[in-house]
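Written out below as structure tokens is the structure these notes cover.
The values are calculated or read from the model by the stated rules, or taken from the named source; none is laboratory data. Given the structure is predicted, the values throughout are model-derived calculations rather than measurements. Here the Cβ is made from the backbone with ideal geometry for all residues, glycine too, and neighbour counts use every protein chain on show. All accessible areas refer to the heavy atoms of the entire protein, side chains included, with ligands and DNA or RNA removed. Shrake-Rupley method; radii C 1.70, N 1.55, O 1.52, S 1.80 Å.
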Amino acid sequence: WWDERVSARFRRNLQPTLTYWSVFFSFGLCIAFLGPTLLDLRCQTQSSLSQITWVFFSQQFCLLLGSCLGGVFKRTLAQSLFALFASSLAISLVFAIIPLCHNVVVLAVVMAVAGLAMGCIDTISNMQLVKIYQKDSAIFLQALHFFVGFGALLSPLIADPFLSDTNCILSNSTANASSNLPHIRKSLVPHHPGNLSHYDLPMKGLVVTRVSYAFWIMALINLPVPIAVFFLLYKERMVPCFSSSSHPLLSADELAMEARPPEKDDLSSTVQRAQAAGGHDDLLSCCQSKNFRGASYTYFAVHITGALVLFMTDGIVGEYSGFIYSYAVEEPLSVVHKVAGYLPSLFWGFITLGRLISIPISYRMKPATMVFINVVGVLITFLLLLIFSSSVVFLFVGTASLGLFLSSTFPSMLAYTEDILQYRGCATTVLVTGAGIGEMVLQLLVGSIIHDRGSYSFLVCGMIFGGLAFTFYALLLFFHRMYPKPPSAVDDASPDKAAVMDDTGQYQR
């Protein structure tokens with residue numbers, strides 16, 4: 001279902017591509033386990049609910065920080081791979097260490113380390129796939145983001161058999177607290193904890209949790225990922241003991257320059273020009289004034305509007321998965337707590353399914369068209385959810401629909417924006433950062449609005465965010481039309497020319 005050229009490029013880059021996909025599985029495995037396990041972790045650390053919920057913030061904040069700093073390691077392919085190896089190994093170590101954390105501050109520090117590792121994985125994996133496949137990257141980015149959804153589904157399933165059915169700290173008040181435990185646990189979704197101050201659970205007593213086994217299982221499941229990255233380092237002779245016989249790895253741009261016989265300039269000067277045109281920098285490097293020289297206003301507008309679209313759509317993912325349970329159990333729906341607990345899982349399940357379906361679709365459909373369908377679908381779904389706000393059945397249908405439409409937005413927007421900029425500038429870094437900020441900020445905003453205005457404002461906020469996402473996308477289309485087209489005779493050092501000439505898609509010389 002794809003042509004021979006893309007298939008040949010995939011076969012030649014099979015190991016690095018599979019490695020980047022597997023590293024994103026680590027990302028997904030680490031992002032979704034906190035919600036269901038947080039009460040058992042509270043028992044383990046013998047902390048209050050208000051104290052243990054700070055673990056959410058430490059992970060999310062450091063994930064954003066790691067996304068901003070991840071581009072620092074893109075200087076060479078060796079740095080990128082070593083950063084991915086360290087990050088994926090850190091996630092396995094975090095899973096193994098969590099059962100040993102008996103203090104909430106230590107647990108927050110450990111989760112901060114996990115957040116930094118996840119942020120680096122997010123930025124580097126997206127950057128490297130874009131570098132390898134360039135104009136063919138959309139389909140591979142869709143597959144990349146399928147694996148994060150798969151990991152996010154798997155970790156709660158692993159944890160579920162080991163969660164405590166009753167309060168995991170035995171004391172005189174255990175009997176009173178145990179009846180509230182299922183409701184509290186379902187309120188603690190992976191992204192944002194609800195208002196739990198009115199629940200009184202014991203802080204002292206005998207700890208009887210078995211959740212440690214779940215973390216050790218996840219550590220073992222994740223262990224093949226850093227091993228896979230190490231094998232890629234070994235194959236490319238980047239392991240220090242083999243450095244004497246190694247050859248420098250080239251990006252797709254530099255590789256095309258090497259394949260072309262030099263005409264006026266020698267090869268080294270041509271590669272230098274290609275490096276200057278690449279432009280996938282970290283956020284701090286992107287803000288340097290030298291990158292702004294000679295750039296038109298549309299150059300900045302494409303970066304900003306693309307980031308704002310993802311700010312809204314990824315923010316919707318965070319706030320919807322974080323508050324759909326609380327919305328469902330309140331009036332007027334009053335869904336049974338056990339039934340409402342399936343809504344976040346349904347949402348993430350259809351996000352994963354949508355990313356799987358988007359893999360073949362992205363090969364036949366342009367990224368711009370996919371993003372348009374996504375943002376329009378999100379807007380229509382929220383509109384229907386508002387119209388049928390009293391229907392429990394449509395709440396489940398709308399949750400599934402919303403997951404499908406949101407699933408492919410990030411990879412499609414990334415591929416589209418990079419294509420507009422001819423794979424120059426800082427699109428990957430800016431978009432990843434904008435998405436991370438949106439997921440964190442909109443959760444806090446919606447949480448405060450629901451607290452002040454009631455549960456119905458949850459859908460109103462979603463409708464507003466969907467409308468803003470559509471507006472920003474319309475602006476992006478406008479700036480795309482205004483953005484200067486590449487000249488007909490493309491410079492030999494430009495990434496567009498490299499993408500055409502690099503028909504082999506080699507990963508190294």
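Just a few scattered comments:
- Here the calculated FRET efficiency for Lys485 and Thr369, from their Cβ-Cβ distance with R0 = 22 Å, stands at 0.65, rounded to the nearest 0.05.
- The residues neighbouring Thr313, those whose beta-carbon lies less than 13 Å from its own, together hold a net charge of -3 under the Lys/Arg +1, Asp/Glu -1 convention.
- Residue-normalised accessible area of segment 296-485, expressed per residue, 1.4 Å probe, Å²: 38 Å²
- Cα shape, segment 296-485, gyration tensor, a/c 1.5 rule: prolate
- ³J(HN,Hα) computed for each position of segment 385-393 - Karplus, 6.51 cos²θ - 1.76 cosθ + 1.60, integer Hz, glycine/proline x: 4, 5, 5, 9, 5, 9, 9, 5, 4
- By accessible area, using a 1.4 Å probe on protein heavy atoms only, segment 296-485 has 73% of its surface on carbon and sulfur.
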